[in-house]
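Participant: Take this structure, written in structure tokens, and hold onto it; I'll ask about it next.
The values are calculated or read from the model by the stated rules, or taken from the named source; none is laboratory data. On a predicted model such as this, the values are computed, not experimentally measured, just so you know. Quick reminder, even Gly has a Cβ in these numbers, built from the backbone with ideal geometry, and neighbours come from all protein chains shown.
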Amino acid sequence: SLRSKITFIDHNLLTDISDLGTYQIVLFRGHLNQITAPAKARILRSLGTLVSTNGYLMLGCDETPGDTNFWFDPVPIAPGCFKKREKKAEVPAPLPKTAVVPVEHQGSGST
């Protein structure tokens, strides 16, 4: 069945994920707009290692890899859909390992 072919992973993407293998489709929706630019670059670099060549990365409808787009091209199938290139673009040196920094929640609190 289809369900047996789906893997759900709850993992901290700011840590090493190289042991998780590769996948044809990776869903990462609704999170990029909530993190800092350095964390975004690190996470997208990590996600790039999870997506197989010619595989897909699905982001939120209003999310894009932006300037940190090392491996993906937009696909006109749907907003937020990106396909991994066959040949990787030149990538800057890996980011140094850093401690996980909590993301500040921007609520609608009054002052």
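Participant: Out of all the residues in segment 38-53, which are farther than 21 Å from Pro79 by Cβ and either surrounded by fewer than 17 Cβ atoms within 10 Å (Cβ to Cβ) or not aliphatic (A, V, I, L, M) (or both)?
Facilitator: Pro38, Arg42, Arg45, Ser46, Thr49, Ser52, Thr53
Participant: Name the residue that is surrounded by the fewest Cβ atoms within 10 Å (Cβ to Cβ), counting only residues in segment 5-33 that are modelled with pLDDT under 85 and not in a loop (DSSP other than H, G, I, E, B).
Facilitator: Result: Asp19.
Participant: I've got another one for you. Return the residues of segment 26-71 that are at positive phi and among the polar types (S, T, N, Q); say none if nothing qualifies.
Facilitator: Within segment 26-71, just Asn54 meets the criteria.
Participant: Shifting gears a bit: Regarding Val75, is this residue closer than 20 Å to Ile6 by Cα and either modelled with pLDDT of 85 or more or touching a strand residue (DSSP E or B) at 6+ places or on another chain (Cβ under 7 Å) (or both)?
Facilitator: When the stated conditions are applied, Val75 does not pass them.
Participant: In segment 37-78, how many are within 11 Å of the chain's Cα centre (by Cα), assigned to a helix (DSSP H, G or I) and closer than 18 Å to Asp16 by Cβ?
Facilitator: 12
Participant: Something else about it: Out of all the residues in segment 54-87, which are over 15 Å from Arg29 (Cα atoms), surrounded by 13 or more Cβ atoms within 10 Å (Cβ to Cβ) and polar (S, T, N, Q)?
Facilitator: Once the filter is applied, which keeps residues that are over 15 Å from Arg29 (Cα atoms), surrounded by 13 or more Cβ atoms within 10 Å (Cβ to Cβ) and polar (S, T, N, Q), segment 54-87 yields Thr68, Asn69.
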